[in-house]
Amino acid sequence: MNSLSATSPGEYDSGFSRRRPDEIMKPYRIGMFFPHRLSFKRVLTRALHREGAKVNRPVWQMDADGFGRAVYTVELGGYPYSLVAISKFLDPQRRTDRVIAEAWDTTFALFDGVPDNRDMQRLEENVPLQESGRFEASELVLSRANKSVRMFEHVAERLANGQQPDCEMIRRIGYLMRTTAVYGNGKFGLADRERIARRTGISGAFQVEMLAIWLIRGFSHDLVEHIAAKRGHSSARLAPHIRRFLGIGNSTGLGMAPFLIGHPILLHNWVFSRETALARVRSIETASRESVSRFRGLLSRGKRHLEEWLVEDEDAMTRIACLRRELDWFADNAAAENPGDGYYWNRLFLISESLSGEFQEFCVSLLLEPHGDLVDELESWSASEIETRLDPAMTAADLLEQLRSNFQWALSVDFDAAESRRHFWYVSEEKLEPRLGDRYRDEGSDLELPIDVAYRIQRLFRTLAESNPAETVAEFLLRCPELRGAVRRAQNLIRYPFCEIRGNLLDGGCRPIDLLRCKLSFFGASKFDPKSDRWIRVALFQGAPTFDSIGDAGADDWLFPVLGDFK
């Protein structure tokens, strides 16, 4: 799929511009994004819904304690995909969500096709080893999960006694298991993306990963019911509304943050499509009665969702409390607006601009939701086969002027200040995962990852300023090959204006969690629960259609889910 530049063909003539990159691409602002209808989990479930996908369970070999193996198979776009699940006893003392863990309650692989006996033998030997295992191109995704022990045991016991679980506990936790890593795209010998990049229904960004997580969520439902049945109630079943509300948890650390820096065109595509969708909605002159009614229902649901969003972090809880107050104020003012007066959605957006940045991003998700017929086609923009490239014929003078015009956010950083370079990013030798070090305390800065975009742009600017203005980029890079990456980024920003996070990611005050939340919002994660400024817990697929409801009416209506909405 091609990437979308600022002047892409087929551009919708909205009459309203997208928001400016210098407004929303700051680190703290992308750390306020929320899931929306173009998020990757929603893209996946719409594809499953369109095809009327059916999930089969050809293998279920679990003992009374829920230890054993299972296989789930679903066909999408004409191809079968199978989740292989291995459940084992885990010593409670070894249970941890940290990436250094070496054992888990359950381990998974998403297999391309339907595994035969030979495949199953190989996968049973290797999948529980995760990073230490040996994998083939038939494996698309590798993952692992731990039970949310208190929640899982509560549900199993209640079902075993013929009762449904406590609704308050369901609301507060919202999942039975929590994944601690979801690997794909060639890592640890898994299949490269090229294998599935052009397949219908699965070619968008992170679609195989989302499919694996959705199947894992269904496995967690089946596993707790199986254990409950073995404990004494043979017909133990979760009520449909509880089953649908229970998502899958995820614990995520620094590992995913550098992805946004290393894939600038993908980042541009994700934000560009979202901002284009917002511009389209704002430019609707006459709001339909149906969309207004749905929006007002979403305001009510959003209030209840925020009330159920509870975290231990005091700063995060303060932000959530602020969102609740702002939503009350916004709803009152929205009620005073007459939908028939024209450009109703734009008027609501302008009202939101008087509130916090976090509420504005919350409102963007609300505004997009009733307009699937207008914006869902933009989901095809999420992937890209285009890589950043150099223009060797550009002159040094032209490149210098481009830096002055487009990189003031980088050129204005004072890198003489010690705090401005306190952090450095590197890859741990043990787990091959990104880590953050203190330049003035930790060793390893000589192995620094190229996350320091602002610093490299400044080096490029100073070197260009002392160069011959008529010199071409090709000639310049023959003299300064170490600046090739900075030149490439500078030249591509003009075509892909949302491709850069406009801040200094080395600064002592940088919060990696903002990058995590940005990426997770595009995955469709919700209930952001920070555990530090470097790792976070979230919920995925809460409210999503289940295996037996994927084709039902309303299967795509689950933004900001609330337990009572699913009957």
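The values are calculated or read from the model by the stated rules, or taken from the named source; none is laboratory data. These figures come from a predicted structure and were not determined experimentally. Please note: Cβ atoms are built from the backbone with ideal geometry, for glycine as well, and neighbour counts cover all protein chains shown. Note: areas computed on protein heavy atoms with side chains; ligands, DNA, RNA excluded. Shrake-Rupley method; radii C 1.70, N 1.55, O 1.52, S 1.80 Å.
Quick notes
- Qualifying residue in the range 255-270 (condition: touching a His at 6+ places or on another chain (Cβ under 7 Å) and within 29 Å of M151 (Cβ to Cβ)): no
- Every residue from the range 418-452 that is more than 30 Å from E131 (Cα to Cα) and open to solvent by less than 40 Å² (accessible area, probe 1.4 Å): S420
Conditions tested, residue by residue: (1) hydrophobic (A, V, I, L, M, F, W, C); (2) crowded, with 22+ Cβ neighbours inside 10 Å; (3) closer than 21 Å to A544 by Cβ.
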| residue | (1), (2), (3) |
| --- | --- |
| E168 | no, no, no |
| L190 | yes, yes, no |
| I196 | yes, no, no |
| I202 | yes, no, yes |
| I213 | yes, yes, yes |
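- Test: A109 is among the small types (G, A, S) and over 27 Å from the mean Cα position of the chain (by Cα): no
- First in the range 189-209 and under 24 Å from L129 (Cα atoms), second anywhere and basic (K, R), Cβ under 8 Å, 6 or more apart: G189/R134
- Close pairs (7 angstrom Cβ cut-off, 6 or more residues apart or separate chains): under 23 Å from I494 (Cβ atoms) and at pLDDT 95 or above in the range 272-286, of a type in the set (F, W, Y) and surrounded by fewer than 21 Cβ atoms within 10 Å (Cβ to Cβ) anywhere: T276/Y12; A279/F16
- Pairs with Cβ under 6 Å, 6+ apart, first in the range 481-495 and in contact (Cβ under 8 Å) with a residue 12 or more places away in the chain and farther than 12 Å from R389 by Cβ, second β-branched (V, I, T) and open to solvent by less than 30 Å² (accessible area, probe 1.4 Å): A486/I457
- Test: residue in the range 54-70 that is out of contact with any strand residue (DSSP E or B) (no Cβ under 8 Å at 6 or more places or on another chain), of a type in the set (F, W, Y) and under 21 Å from R122 (Cα atoms): no
- Test: residue in the range 233-253 that is free of Cβ contacts under 8 Å to residues at least 24 places away in the same chain and either assigned by TED's automatic domain parsing to the domain that holds L432 or within 20 Å of H154 (Cα to Cα) (or both): yes
- With respect to the stated conditions, E285 is acidic (D, E) and either surrounded by fewer than 19 Cβ atoms within 10 Å (Cβ to Cβ) or not in a helix (DSSP H, G or I) (or both).
- Residues in the range 419-471 that are in contact (Cβ under 8 Å) with a residue 12 or more places away in the chain, within 30 Å of P392 (Cβ to Cβ), assigned to a helix (DSSP H, G or I) and not hydroxyl-bearing (S, T, Y): L447, V453, A454, R456, I457, Q458, R459, L460, F461, L464, A465.
- Within the range 478-499, tally of residues that are open to solvent by 20 Å² or more (accessible area, probe 1.4 Å) and either part of a helix (DSSP H, G or I) or β-branched (V, I, T) (or both): 9
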